[in-house]
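The values are calculated or read from the model by the stated rules, or taken from the named source; none is laboratory data. Everything quoted here is computed from the prediction, not taken from an experiment. Reconstructed Cβ throughout: ideal geometry from the backbone, glycine too, with neighbour counts over all protein chains shown.
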Amino acid sequence: MRDLSDSSDKTDFPELLRQDAHAWLVLLTSGKATQEDAQAFQRWRALGPRHQKAFEEARDQWRLLKPAFGKLLGTRAELARHHQRLLQRSSLGRRVFLGAAVSAAAVAGVAVVHPPLGLWTPLDEWNADYRTAAGEQRSVALTSQVDVTMNTRTSVRQVAAEGRTVGLILLAGEAAVDVRAAERAFGVVAGKGRSLCGGGKFEVRFLDGKACVTCIEGAVRVEHPAGSLSLRVGQQASYDDASIGAPVAVDPADAAAWRRGELVFKRSPLSAVIDEINRYRPGRVVLMAPSLRHKTLSARLQFKALDAALLQIQRSFDLSARSLPGGVLILS
């Protein structure tokens with residue numbers, strides 16, 4: 001990253017100043033900032049009132065990004081563990097500095113329960129029995145009749161009864177469940193709903209409070225406070241806390257493409273494509289081009305070639321790219 005303390009000699013000063021402000025915000029909340037970074041930020045902010053105003057604008061835009069802000073960092077005893085593959089807790093000194101730097105930068109609204117840009121694990125996922133990092137997939141034999149494959153950035157917790165595993169709670173992410181003729185139905189809880197299967201294959205996705213259940217083989221029953229329904233092969237149902245939708249037809253092969261290392265998009269908004277890529281890629285891609293968010297894209301991408309895919313997206317939509325610390329990529 002170039003020296004952010006000096007942007008006054010550039011011809012396109014306002015835009016570069018805006019980008020520098022975003023760069024500082026990302027760095028200060030990434031968990032990788034140092035004391036030297038904090039001092040450099042103070043020098044940059046002291047260059048003039050426009051720098052402070054640009055930072056305030058970046059902060060306000062940040063607050064519009066998902067996941068949404070929750071409780072203030074200052075009101076939490078726990079601070080964030082940085083998302084680093086298996087997610088290790090940062091040192092006390094780093095956490096103290098991060099809290100101080102964020103406070104000084106006037107972004108104390110960033111919460112440990114809703115981390116900015118998804119750069120670390122939310123508080124409610126810390127007690128997972130199994131977790132995968134960005135780009136990681138993992139298969140677990142929960143019982144002699146049930147196998148679970150976890151997709152990227154997924155956290156699950158087992159549910160036991162009478163000394164044996166009878167289900168799991170999908171805290172976040174996506175899981176494929178294969179059930180071989182079990183004596184009792186295996187259940188997956190995601191949000192307000194529960195999916196039950198006595199024999200077959202199904203997938204559950206739970207992100208940002210919204211769940212999606214797909215039947216790949218056999219049959220699945222989905223129970224929700226707003227109603228219950230049954231899914232057959234090639235059917236999918238979605239729900240949130242308040243309601244559950246009617247089953248819709250889907251291609252099971254496309255729905256399960258992630259198990260083959262693929263992402264399939266069919267006339268998907270560019271913003272949705274970027275959001276999905278973010279689940280598989282360490283760091284974060286931020287689309288700062290509002291006019292392009294709803295442009296559609298159809299593609300079949302390989303997990304192992306996401307950087308190449310991002311380069312193609314950059315060229316196709318005439319975007320400029322800027323890399324920042326922590327694997328953050330700004331597209332504008």
Every residue from the range 138-156 that is in contact with a helix residue (DSSP H, G or I) (Cβ under 8 Å, 6 or more places away or on another chain) and either farther than 15 Å from GLU276 by Cβ or among the aromatic types (Phe, Trp, Tyr) (or both): THR149, SER155
Helices (runs of 4 or more DSSP H) completely within the range 235-317 that count 2 or more residues being among the acidic types (Asp, Glu): 270-280
Residue check for SER238: modelled with pLDDT of 95 or more and loosely packed, with under 15 Cβ neighbours inside 10 Å: no
Extreme residue, farthest from LEU270 (Cα to Cα), among residues of the range 283-303 that are surrounded by fewer than 17 Cβ atoms within 10 Å (Cβ to Cβ) and within 18 Å of the chain's Cα centre (by Cα): MET288
Residue within the range 260-273 that is within 25 Å of LEU16 (Cα to Cα) and either in the same structural domain as LYS201 (by TED's automatic domain parsing) or not charged (D, E, K, R) (or both) present: yes
Some residue of the range 105-125 being of a type in the set (A, V, I, L, M, F, W, C) and at pLDDT 90 or above: no
Filter result for ARG138 (buried (at least 19 other Cβ atoms within 10 Å of the Cβ), within 17 Å of PRO282 (Cα to Cα) and either modelled with pLDDT of 90 or more or in the same structural domain as GLY327 (by TED's automatic domain parsing) (or both)): no
Lone unmet requirement of (1) touching a helix residue (DSSP H, G or I) at 6+ places or on another chain (Cβ under 9 Å); (2) buried (at least 18 other Cβ atoms within 10 Å of the Cβ) for SER271: (2)
